[in-house]
Amino acid sequence: MNKNKMIQKIDELKKQRNAVILAHNYQRGEVQDVADYVGDSLGLSIKAAQTDKDVIVFCGVYFMAETAAILAPDKTVLIPEEKATCPMADMIKESQLEEWKQKNPGSQVVCYVNSTADVKAGCDICCTSSNAVQVVDSLDEKKVLFAPDKNLASYVDDHSPKEIIPWEGYCYVHDDIRAKDIMKLKQIYPDSEVWVHPECRPEVIKLADKVFSTGKMVEEARKTEKKDVIIGTETGIIHRLKKENPNVKFHPARKYAVCRNMKKTTLKKIYLSLKNMEKKVEVPQHIKQRAEKAIQKMMRISDSD
Ligand code: 13P
Ligand code: SF4
(Lines give C-alpha, C1' and ligand atoms only; values in the text may rest on other atoms or scores of the structure.)
(Ligands and ions follow the chains in the order given, each with its own letter.)
Protein backbone atom coordinates (compact mmCIF):
# COMPACT_ATOMS: atom_id res chain seq x y z
CA MET A 1 0.00 0.00 0.00
CA ASN A 2 1.45 3.42 -0.87
CA LYS A 3 1.75 6.25 1.66
CA ASN A 4 -1.33 8.21 0.52
CA LYS A 5 -3.51 5.11 0.52
CA MET A 6 -2.22 4.25 4.01
CA ILE A 7 -3.10 7.74 5.29
CA GLN A 8 -6.58 7.45 3.76
CA LYS A 9 -7.09 4.03 5.41
CA ILE A 10 -5.94 5.37 8.78
CA ASP A 11 -8.44 8.20 8.46
CA GLU A 12 -11.29 5.81 7.62
CA LEU A 13 -10.43 3.45 10.47
CA LYS A 14 -10.11 6.36 12.88
CA LYS A 15 -13.71 7.38 12.13
CA GLN A 16 -14.98 3.79 12.27
CA ARG A 17 -13.36 3.16 15.67
CA ASN A 18 -14.10 6.65 17.02
CA ALA A 19 -10.41 7.03 17.73
CA VAL A 20 -7.99 9.86 18.38
CA ILE A 21 -4.29 9.68 17.47
CA LEU A 22 -1.89 11.26 19.96
CA ALA A 23 1.80 11.61 19.06
CA HIS A 24 4.88 12.79 20.89
CA ASN A 25 7.04 15.58 19.43
CA TYR A 26 9.85 13.03 18.75
CA GLN A 27 7.76 10.83 16.45
CA ARG A 28 8.59 10.45 12.74
CA GLY A 29 7.33 13.38 10.63
CA GLU A 30 4.71 11.28 8.83
CA VAL A 31 3.36 10.03 12.18
CA GLN A 32 3.13 13.58 13.55
CA ASP A 33 1.28 14.57 10.38
CA VAL A 34 -1.53 11.99 10.83
CA ALA A 35 -1.95 12.73 14.53
CA ASP A 36 -4.85 14.74 15.94
CA TYR A 37 -2.58 16.15 18.61
CA VAL A 38 1.21 16.32 18.86
CA GLY A 39 2.76 17.34 22.17
CA ASP A 40 5.03 16.78 25.14
CA SER A 41 4.43 14.31 27.97
CA LEU A 42 2.26 16.66 29.98
CA GLY A 43 0.21 17.84 27.01
CA LEU A 44 -0.39 14.28 25.87
CA SER A 45 -1.52 13.21 29.35
CA ILE A 46 -3.98 16.12 29.48
CA LYS A 47 -5.34 15.25 26.03
CA ALA A 48 -5.74 11.58 26.98
CA ALA A 49 -7.61 12.51 30.15
CA GLN A 50 -9.94 14.89 28.28
CA THR A 51 -10.77 13.02 25.08
CA ASP A 52 -14.36 12.02 24.37
CA LYS A 53 -13.27 9.37 21.82
CA ASP A 54 -13.53 5.64 22.59
CA VAL A 55 -10.03 4.71 21.44
CA ILE A 56 -6.66 6.40 21.95
CA VAL A 57 -3.87 5.39 19.56
CA PHE A 58 -0.74 6.43 21.39
CA CYS A 59 2.32 7.10 19.24
CA GLY A 60 5.16 7.49 21.70
CA VAL A 61 6.93 5.23 24.16
CA TYR A 62 5.32 2.74 26.50
CA PHE A 63 5.32 4.78 29.72
CA MET A 64 3.40 7.53 27.92
CA ALA A 65 0.73 5.10 26.71
CA GLU A 66 0.57 3.61 30.22
CA THR A 67 -0.03 7.10 31.66
CA ALA A 68 -2.84 7.60 29.13
CA ALA A 69 -4.38 4.26 30.16
CA ILE A 70 -4.25 5.31 33.82
CA LEU A 71 -5.81 8.72 33.17
CA ALA A 72 -8.47 7.45 30.76
CA PRO A 73 -9.68 4.22 32.41
CA ASP A 74 -12.85 3.97 30.29
CA LYS A 75 -11.01 4.19 26.98
CA THR A 76 -9.18 1.60 24.94
CA VAL A 77 -5.54 2.69 24.69
CA LEU A 78 -3.56 1.17 21.82
CA ILE A 79 0.18 1.35 21.25
CA PRO A 80 1.14 0.56 17.62
CA GLU A 81 4.58 -0.72 18.70
CA GLU A 82 4.74 -2.48 22.05
CA LYS A 83 8.53 -2.63 22.03
CA ALA A 84 8.83 1.16 22.01
CA THR A 85 10.00 1.51 25.58
CA CYS A 86 12.12 4.22 27.23
CA PRO A 87 15.51 2.88 28.40
CA MET A 88 15.69 5.55 31.11
CA ALA A 89 12.31 4.50 32.52
CA ASP A 90 13.73 1.00 32.95
CA MET A 91 16.74 2.24 34.95
CA ILE A 92 14.85 2.00 38.23
CA LYS A 93 12.77 -0.97 39.37
CA GLU A 94 10.02 -0.88 41.98
CA SER A 95 12.12 -2.99 44.42
CA GLN A 96 15.05 -0.57 44.09
CA LEU A 97 12.77 2.38 44.75
CA GLU A 98 11.43 0.72 47.93
CA GLU A 99 14.94 0.01 49.20
CA TRP A 100 15.98 3.61 48.47
CA LYS A 101 12.98 4.95 50.38
CA GLN A 102 13.81 2.75 53.39
CA LYS A 103 17.35 4.12 53.45
CA ASN A 104 16.09 7.73 53.36
CA PRO A 105 13.40 8.17 55.99
CA GLY A 106 11.85 11.64 56.26
CA SER A 107 12.06 12.29 52.51
CA GLN A 108 9.45 12.49 49.76
CA VAL A 109 9.74 10.84 46.36
CA VAL A 110 9.28 12.53 43.00
CA CYS A 111 9.13 10.35 39.89
CA TYR A 112 9.68 11.80 36.47
CA VAL A 113 6.86 10.48 34.26
CA ASN A 114 9.56 8.63 32.30
CA SER A 115 9.12 5.70 34.68
CA THR A 116 7.10 2.49 34.76
CA ALA A 117 3.61 2.43 36.32
CA ASP A 118 4.74 0.36 39.33
CA VAL A 119 7.50 2.88 40.10
CA LYS A 120 4.96 5.71 39.80
CA ALA A 121 2.76 3.78 42.24
CA GLY A 122 5.54 3.90 44.84
CA CYS A 123 6.20 7.65 44.66
CA ASP A 124 4.51 10.64 46.29
CA ILE A 125 4.07 12.67 43.13
CA CYS A 126 5.05 12.62 39.44
CA CYS A 127 6.52 15.41 37.35
CA THR A 128 7.29 16.09 33.71
CA SER A 129 10.09 18.16 32.21
CA SER A 130 7.76 21.18 32.12
CA ASN A 131 6.72 21.21 35.80
CA ALA A 132 9.55 19.45 37.72
CA VAL A 133 10.67 22.53 39.73
CA GLN A 134 7.09 23.48 40.58
CA VAL A 135 6.31 19.92 41.70
CA VAL A 136 9.38 19.67 43.92
CA ASP A 137 8.69 23.09 45.48
CA SER A 138 5.15 21.99 46.35
CA LEU A 139 6.35 19.29 48.75
CA ASP A 140 6.39 19.58 52.57
CA GLU A 141 9.64 17.76 53.26
CA LYS A 142 13.03 19.38 52.67
CA LYS A 143 14.65 16.17 51.45
CA VAL A 144 13.48 14.89 48.05
CA LEU A 145 14.38 11.63 46.31
CA PHE A 146 14.24 12.28 42.57
CA ALA A 147 14.09 9.39 40.05
CA PRO A 148 15.15 8.26 37.55
CA ASP A 149 16.90 11.13 35.67
CA LYS A 150 20.05 12.52 37.31
CA ASN A 151 20.30 15.37 34.79
CA LEU A 152 16.75 16.59 35.39
CA ALA A 153 17.42 16.17 39.14
CA SER A 154 20.49 18.40 38.84
CA TYR A 155 18.49 21.03 36.93
CA VAL A 156 15.81 21.00 39.65
CA ASP A 157 18.49 21.19 42.33
CA ASP A 158 19.78 24.42 40.76
CA HIS A 159 16.31 25.98 40.84
CA SER A 160 14.86 24.80 44.12
CA PRO A 161 15.75 25.29 47.80
CA LYS A 162 15.09 21.58 48.46
CA GLU A 163 17.76 18.98 49.09
CA ILE A 164 17.61 16.78 45.99
CA ILE A 165 18.93 13.24 46.09
CA PRO A 166 19.16 11.91 42.53
CA TRP A 167 18.78 8.39 41.18
CA GLU A 168 21.61 7.70 38.71
CA GLY A 169 19.45 7.21 35.60
CA TYR A 170 19.81 9.17 32.37
CA CYS A 171 18.56 9.39 28.80
CA TYR A 172 21.22 8.15 26.38
CA VAL A 173 19.95 10.49 23.65
CA HIS A 174 20.25 13.69 25.71
CA ASP A 175 23.31 12.59 27.65
CA ASP A 176 25.14 12.21 24.32
CA ILE A 177 24.70 15.89 23.47
CA ARG A 178 27.98 17.49 24.57
CA ALA A 179 29.11 21.04 25.35
CA LYS A 180 31.51 20.90 22.38
CA ASP A 181 28.56 20.26 20.04
CA ILE A 182 26.90 23.46 21.22
CA MET A 183 30.13 25.46 21.11
CA LYS A 184 30.87 24.37 17.54
CA LEU A 185 27.44 25.48 16.34
CA LYS A 186 27.65 28.73 18.28
CA GLN A 187 30.79 29.57 16.28
CA ILE A 188 28.95 28.98 13.01
CA TYR A 189 25.80 30.85 14.15
CA PRO A 190 27.03 33.48 16.63
CA ASP A 191 23.64 35.28 16.73
CA SER A 192 21.69 32.12 17.43
CA GLU A 193 19.92 31.17 20.62
CA VAL A 194 20.43 27.78 22.31
CA TRP A 195 17.40 25.89 23.65
CA VAL A 196 17.98 22.60 25.44
CA HIS A 197 15.91 19.97 27.20
CA PRO A 198 16.52 19.55 30.96
CA GLU A 199 17.52 15.90 30.36
CA CYS A 200 20.81 17.27 28.99
CA ARG A 201 24.04 17.26 31.00
CA PRO A 202 24.59 20.17 33.45
CA GLU A 203 27.51 21.52 31.37
CA VAL A 204 25.24 21.63 28.29
CA ILE A 205 22.49 23.34 30.28
CA LYS A 206 25.00 25.98 31.39
CA LEU A 207 25.58 26.94 27.74
CA ALA A 208 21.86 27.27 26.99
CA ASP A 209 19.89 30.49 26.70
CA LYS A 210 16.67 28.62 27.53
CA VAL A 211 15.82 25.25 29.08
CA PHE A 212 12.51 23.85 27.89
CA SER A 213 10.31 20.78 27.67
CA THR A 214 9.58 19.89 24.06
CA GLY A 215 6.15 21.54 24.35
CA LYS A 216 7.67 24.80 25.58
CA MET A 217 10.14 24.73 22.64
CA VAL A 218 7.19 24.57 20.25
CA GLU A 219 5.57 27.56 22.02
CA GLU A 220 8.78 29.60 22.09
CA ALA A 221 9.41 28.95 18.39
CA ARG A 222 6.16 30.78 17.57
CA LYS A 223 7.38 33.86 19.43
CA THR A 224 11.10 33.99 18.70
CA GLU A 225 12.63 36.78 16.66
CA LYS A 226 15.87 34.83 16.17
CA LYS A 227 16.82 33.66 12.68
CA ASP A 228 18.81 30.65 13.95
CA VAL A 229 18.08 28.43 16.94
CA ILE A 230 20.23 25.53 18.16
CA ILE A 231 18.04 22.72 19.48
CA GLY A 232 19.45 20.46 22.19
CA THR A 233 17.00 17.61 22.22
CA GLU A 234 15.88 14.63 20.13
CA THR A 235 15.86 15.63 16.47
CA GLY A 236 12.25 14.52 15.74
CA ILE A 237 10.99 17.85 17.05
CA ILE A 238 12.73 19.72 14.21
CA HIS A 239 10.05 18.46 11.77
CA ARG A 240 7.34 20.31 13.66
CA LEU A 241 9.44 23.39 14.43
CA LYS A 242 10.30 23.83 10.74
CA LYS A 243 6.79 23.14 9.53
CA GLU A 244 5.23 25.69 11.89
CA ASN A 245 7.99 28.33 11.58
CA PRO A 246 9.39 28.35 8.03
CA ASN A 247 11.27 31.62 8.60
CA VAL A 248 13.43 30.31 11.44
CA LYS A 249 16.35 27.91 10.96
CA PHE A 250 16.51 25.18 13.61
CA HIS A 251 19.86 23.42 13.96
CA PRO A 252 20.06 20.14 15.87
CA ALA A 253 22.80 20.36 18.53
CA ARG A 254 23.68 16.80 17.60
CA LYS A 255 22.51 15.24 14.32
CA TYR A 256 22.57 11.77 15.84
CA ALA A 257 20.41 12.63 18.85
CA VAL A 258 17.78 10.11 17.78
CA CYS A 259 15.62 8.06 20.14
CA ARG A 260 15.47 4.68 18.42
CA ASN A 261 12.33 3.62 20.24
CA MET A 262 10.41 6.78 19.37
CA LYS A 263 11.08 5.95 15.71
CA LYS A 264 9.68 2.42 15.92
CA THR A 265 6.14 3.67 15.28
CA THR A 266 5.35 3.89 11.55
CA LEU A 267 2.25 4.67 9.48
CA LYS A 268 1.87 0.97 8.72
CA LYS A 269 1.91 0.09 12.42
CA ILE A 270 -0.74 2.75 13.14
CA TYR A 271 -2.89 1.33 10.36
CA LEU A 272 -2.51 -2.23 11.69
CA SER A 273 -3.12 -1.08 15.24
CA LEU A 274 -6.47 0.49 14.30
CA LYS A 275 -7.41 -2.39 12.01
CA ASN A 276 -6.71 -5.15 14.53
CA MET A 277 -7.30 -3.08 17.71
CA GLU A 278 -3.90 -3.94 19.14
CA LYS A 279 -1.76 -3.73 21.25
CA LYS A 280 -4.00 -2.81 24.16
CA VAL A 281 -2.22 -1.09 27.03
CA GLU A 282 -3.48 -2.37 30.36
CA VAL A 283 -2.23 -1.55 33.83
CA PRO A 284 -3.10 -3.93 36.70
CA GLN A 285 -5.75 -2.41 38.98
CA HIS A 286 -3.67 -2.39 42.18
CA ILE A 287 -0.85 -0.46 40.45
CA LYS A 288 -3.23 1.78 38.54
CA GLN A 289 -4.93 3.23 41.61
CA ARG A 290 -1.68 4.23 43.35
CA ALA A 291 0.01 5.48 40.17
CA GLU A 292 -3.06 7.55 39.33
CA LYS A 293 -2.86 9.32 42.69
CA ALA A 294 0.73 10.41 42.00
CA ILE A 295 -0.10 11.56 38.46
CA GLN A 296 -3.30 13.40 39.48
CA LYS A 297 -1.39 15.21 42.22
CA MET A 298 0.98 16.50 39.55
CA MET A 299 -1.90 17.45 37.23
CA ARG A 300 -3.50 19.57 39.97
CA ILE A 301 -0.25 21.50 40.36
CA SER A 302 0.03 22.03 36.61
CA ASP A 303 -3.64 23.19 36.51
CA SER A 304 -2.90 25.91 39.02
CA ASP A 305 -0.03 27.17 36.80
P1 13P B 1 8.90 16.09 27.05
O2 13P B 1 7.86 15.88 28.09
O3 13P B 1 9.63 17.39 27.22
O4 13P B 1 8.32 15.99 25.68
O5 13P B 1 10.01 14.99 27.21
C6 13P B 1 9.75 13.62 27.09
C7 13P B 1 10.95 12.85 26.83
O8 13P B 1 10.92 11.65 26.74
C9 13P B 1 12.19 13.56 26.70
O10 13P B 1 13.19 12.69 26.32
FE1 SF4 C 1 13.39 7.93 26.88
FE2 SF4 C 1 15.34 9.52 26.07
FE3 SF4 C 1 13.77 8.37 24.29
FE4 SF4 C 1 12.85 10.36 25.85
S5 SF4 C 1 14.42 10.49 24.27
S6 SF4 C 1 11.81 8.44 25.38
S7 SF4 C 1 13.92 9.90 27.75
S8 SF4 C 1 15.18 7.34 25.69
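The values are calculated or read from the model by the stated rules, or taken from the named source; none is laboratory data. These numbers come from a predicted model, not from an experiment. No Cβ is skipped: glycine too gets one built from the backbone with ideal geometry, and neighbour counts run over all protein chains shown. The area values use the complete protein model at the heavy-atom level, side chains included, leaving out ligands, DNA and RNA. Shrake-Rupley method; radii C 1.70, N 1.55, O 1.52, S 1.80 Å.
Per-structure values
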quantity	calculated
Probe 1.4 Å, all protein chains present, accessible-area order of 267, 207, largest first	207, 267
Relative contact order [Cα under 8 Å, 6+ residues apart], segment 1-140, whole percent	17
Binned Cα-Cα distances of segment 59-203, short to long, each 10 Å bin given as a whole percent	11, 36, 32, 16, 4, 0
Segment 162-305 - convex hull of the alpha-carbon atoms, volume per residue in Å³	178
Sulfur and carbon atoms: percent of accessible area, the chain [1.4 Å]	46
Label-point separation in nm, residue 275 to residue 103, each point 7 Å along Cα→Cβ	5.0
Mean-position separation - Cα centroids, segment 192-222 and segment 24-83, in angstrom	24
At least 18 Å along the helix axis (C-alpha) and Kyte average at least 0.0, DSSP helices within the chain	none
Accessible area, probe 1.4 Å, largest first, for residues 239, 286	286, 239
Cβ-defined net charge surrounding residue 233, 13 Å radius [Lys, Arg +1; Asp, Glu -1]	-1
Qualifying aspartates and glutamates (Cα of each under 14 Å from Cα of residue 93; at least 8 residues distant if same chain)	118, 149, 168
Proximal lysines to residue 142, defined as alpha-carbon separation beneath 17 angstrom and excluding residues fewer than eight positions away on the same chain	101, 103, 162
Alpha-carbon centroid distance for the pair segment 104-128 / segment 241-274, whole angstrom	29
Mean Cα-pair separation over length for segment 30-91, i.e. relative contact order, pairs under 8 Å, 6 or more apart, %	30
Radius 9 Å from Cβ of residue 265, net charge of other residues (Lys, Arg +1; Asp, Glu -1)	+3
Whole-number percent relative contact order across segment 198-281, with pairs defined as alpha carbons under 8 Å at least 6 apart	23
Distance in nm between pseudo-label sites at residue 228 and residue 95 (7 Å out along the Cβ direction from Cα)	5.2
Extension gain from residue 140 to residue 293, taking 0.36 nm per residue of separation minus the Cα-Cα distance	53.4 nm
Cα-derived Rg to Rh of segment 220-305, Kirkwood definition	1.11
Three-way shape label, segment 235-280, alpha-carbon gyration tensor, a/c 1.5	oblate
Per-residue [θ]222 nm for the chain (sum of -39500 (n - 2.57) over DSSP H runs n ≥ 4, rounded to 500)	-13000 deg cm²/dmol
Among 298, 272, 257 - extreme Cα towards positive end, dipole of segment 223-305, charges at beta-carbon	272
Whole-Å semi-axes of the chain's equivalent ellipsoid (Cα gyration tensor)	29, 27, 15
